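Undergrad: Below are the structure tokens for one structure; questions will follow.
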């Protein structure tokens, strides 16, 4: 029984030791680490076409995605340079209306439709940061820098009045943006909030992959994508 009591006493002590290590501030010339987080994309859609027909009343609804990142940080006094590589999964919905169809008794408004997208991509951002506060074990920093994204896979599914169609094969693989944000560090732990502005307007064409459709159909739209992300990580 005494051994059991001793073990119960050691468990919180060990947990306290690990927690204390996480709160230790390590001032190094080079750090590395990893972070995971959530994101939300905000597409700015300029045009949407399905089989050459221009859609109307385009509405964007965001969904929450996720991302994982590995990074290095080169510290130069109060400045730092942080190159990183991220795997990003993004989702969202785009609502739209088919154009009016003329009929003998006038025009008929088509029902509202929805386009759901899922994207998986690799992102390589390089940020230049500055520590506003750097007093052990706390730090507050801001950062800005370019980011290049490579689209590994993008699927779009339309929920229309007749049937669901799936599209794939984005013909625009690379996107360029600029990210800016703020980070809060407590010892080895940190929180990041970044907003990335898409710089290039992307025009993409997709083809159907649904076997229920007898012939190949195309989906094309021009858009620019902004992204908001929130991450929690560890700095070694």
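The values are calculated or read from the model by the stated rules, or taken from the named source; none is laboratory data. These figures come from a predicted structure and were not determined experimentally. A quick note on method: Cβ atoms are made from the backbone with ideal geometry, for glycine too, and the neighbour counts reach across all protein chains shown.
Undergrad: Given the criteria in a strand (DSSP E or B), at pLDDT 80 or above and exposed (fewer than 14 other Cβ atoms within 10 Å of the Cβ), does residue 132 qualify? First the steps, then the outcome.
TA: On the way: in a strand (DSSP E or B): yes; at pLDDT 80 or above: yes; exposed (fewer than 14 other Cβ atoms within 10 Å of the Cβ): yes.
In short, yes.
Undergrad: Which of the residues that make up region 53-77 are assigned to a loop (DSSP other than H, G, I, E, B) and under 15 Å from the mean Cα position of the chain (by Cα)? Before you say what the answer is, go through the steps one by one.
TA: Our first condition is that a residue be assigned to a loop (DSSP other than H, G, I, E, B); within region 53-77, this holds for 55, 63, 77.
Passing the criteria: only 63.
Undergrad: Among 42, 87, which is surrounded by 14 or more Cβ atoms within 10 Å (Cβ to Cβ) and modelled with pLDDT of 90 or more?
TA: Working: 42 fails: modelled with pLDDT of 90 or more.
After applying the criteria, what remains is 87.
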